[in-house]
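Have a look at the structure below, then the notes.
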Amino acid sequence: MTTTSVAPRKRAKGIGLITHQLRYEQLAYWRNPPAAFFTFLFPLMFLVLFASLNKGQTIELNGKKLSYNQYFVPGILAYGVMGACFSNLAMTLSNRREFGQLKRKRATPLPAWALIGGLIASSIVISLVLVIVTFGAGIGLYGVVISASRIPAIAVALILGAACFCAVGIALQTLIPNADAAPAVVNFTLLPLTFISGVWFPVPDSSFLAKVAEAFPVRHFVTALFDATNGPGSGGFATKDLLWLAGWLVLGTVVAVRRFRWEPGRR
C-alpha cells in the first residue's frame, strides 16, 4: 500500500472520529438546560434587553454619532462567542476532570486529539448558531446595518476570536483547582474584562481601564468585530487586534498542551 493511499484514509478516519465526538457533545449540550441557557440563551437575553431598552438611542464614538444597537450588536456577539468557547470549555473540562470522566475517556481507544477536537468543534457550532441568530435579530429587529463588503472581515475576526478563546479556555482549566471553583474562576476572569473592554458601552481608548484591557484578548476581539462591522473604509480588518488575538491563541495553545491534566488534583 502506497503512502499516498494511506494518508487520505487517515484523514478520513480523523474527520470521522471528530464528527462522532461532535455529535455526542452536541447531544450532551442541548440535553443540559442550564448549560444551554448560560452559554446560548444568556447572550441572546442580554441582546433583547439592552437593544430594546436603547432602541433609537445614539452614542458618540470617535467624534461620530452611531446608534447604540449598531455599536452593541458586535459587542454582544463577541460576548456570546466567548461564552461558547472560553467559559463552556473551561467549565466542561474542569467538571469532567474532577469527576473522572477525562481519565476514563483517556483509557478508551478514542484518541485525545479527537476528544478535544470534538469539544472545540461543538463550541464552534454553538458560536455559529449564535452568530446567525444575533446578526439576524440585530438586522431584523433593531435596524443594524451590515454591508456585504464587511463579511470577510467579520468572518476573519470571528474565526480567529473563536480559536483564541477556545485555546485560552482550555489553558484556564489547567489553573482551576476543582469543579466547584470553575464557575467562580471563569466568571471572575471574564466578566470584569467585558466591562472594561467595551462589550456593554464604549470605553475611551485614552482611559486607564482601556489601557488595562489592552493587555487581554477580550478588548481586541470586541474591537476587531466592531471595526469589521462599523469601521472606516470598505474592508474593516483591524490588523493590530487580529495580531493580538493570534498571539493569545499561540500562548493559550502552549499552556494548554504543556499543562493539561486528565486526572483531578490532590486535595
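Coordinate-derived values only; no laboratory data. Everything numeric in this text was worked out from a predicted model, so none of it was measured. Here Cβ is always computed from backbone atoms with ideal geometry, including for glycine, and neighbour counts include all displayed protein chains.
Among Ala112, Ala51, Ala224, the largest mean-square fluctuation in a Gaussian network model of the chain (Cα springs under 10 Å) belongs to Ala112. Using Cβ point charges alone (K and R +1, D and E -1), the dipole size of the chain about the Cα centre works out to roughly 1120 debye. Taking the Cα centre of the stretch 122-267 as origin and charging only Cβ (+1 Lys, Arg; -1 Asp, Glu), how large is the dipole, in debye to the nearest 20? In debye, rounded to 20, the stretch 122-267 gives about 400.
Residue exposure proxy: Ile159, Ile170, ordered by other Cβ atoms within 10 angstrom of their Cβ from fewest to most, comes out as Ile159, Ile170.
Considering every alpha-carbon pair of the chain, the percent of pairs per 10 Å bin, from zero through the bin containing the longest distance, is 7, 28, 34, 20, 9, 2, 0.
For the stretch 12-259, the residue among Gly56, Thr19, Phe40 whose Cα projects farthest onto the positive side of the dipole built from Cβ charges is Thr19. Annotated for the chain: lysine pairs at least 8 residues apart or interchain, Cα distance under 28 Å, count 11. Go through Gly80, Ala238, Ala107 and say which Cα lies farthest out towards the positive end of the charge dipole of the chain; charges sit on Cβ, +1 for Lys and Arg, -1 for Asp and Glu. Looking along the dipole axis, the top candidate is Ala107.
Per-residue Cβ neighbour counts within 10 Å put Thr134, Thr58 in the sequence Thr58, Thr134, beginning with the fewest.
GNM on the chain, alpha-carbon springs under 10 angstrom: the most fluctuating residue among Ser67, Ser147, Ser87 is Ser147.
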